Each structure stands twice: as structure tokens, then as C-alpha cells.
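Colleague: One structure, pasted below without further comment.
Nothing in this text is a laboratory measurement; each read-out follows from the coordinates by a stated rule. Quantities reported herein were computed from a predicted structural model and do not represent experimental measurements. Methodologically, a virtual Cβ is constructed for each residue, glycine included, from the backbone with ideal geometry; neighbour enumeration extends over all protein chains shown.
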Amino acid sequence: MERKQEIAIGIALQTHVLKICPVHHQLYLDDEINPAGAFALAISLVRQHKPCVKAFGNDAHALTDLLSDTLGIAPGCCPECESSFQSPPIRDGSRVAESALERH
Ligand SMILES: [Zn+2]
């Protein structure tokens, strides 16, 4: 994976816009989380010249663009969980598993 995309994914994970399935380790988008928080964090990291966003220099726009692309291609739930929908979800006490249980 490209380094810049890793940064964008890291920001999305940090703001909980993207989640990782605890079972399959697949990225998916949490549509209950407002993605504005991820964009705000991205812009503030670039403005503060944090080492973690060094690859983007001063170009906050490049980072928010990439973040937007990354969120745009992320599935709405773990693709493997969706395909094995019949099997009961594994309870690990995380909010992800609980919200999945509530929904179905
Ligand atoms: Zn899964």
C-alpha cells in the first residue's frame, strides 16, 4: 500500500470513520460516524507540520482529497462478514460487534 494512503487510512481509523473488522481484519466505513472529524484532523495535522503527515508537505488539500477517495472506496461493512452473514457474529465486547447485533 502506498505510504500516503496509509496516512489517510490512519487518520480515518483514528477518528473511527474507518473500522477494521476484528475477525477478518478488513477495512470498512462506519456510516454512523461523521467523516468531517477525519477531514478536520487531516487539515490540522498538516497545519501543525506533524511528522506523520510529512509526505504531504503543506498540501492539506492533497491529504483531504486522498482521504475522500479512501472513504469513497471503503465498503459499508466488512465484506467477509457480509458474505458469511449466516454465521453468528463473534462477540468480543467491541462497539462494532454490538452495533452489528443491534442492526440484525
Ligand atoms: Zn468481518
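Colleague: What residues of the range 4-38 lie in the reach of a label at D59, counting those whose backbone N is under 17 Å from a point 7 Å from the Cα along Cα→Cβ?
Modeller: 4-9
Colleague: Enumerate the amide H contacts of L18 below 5 Å, restricted to partners 5 or more residues apart or on another chain; note that Pro and chain-start residues carry no placed amide H.
Modeller: L13, D30
Colleague: Around L18, under 13 Å between beta carbons, what's the net of Lys plus Arg minus Asp minus Glu among the other residues?
Modeller: Local charge sum for L18: -4.
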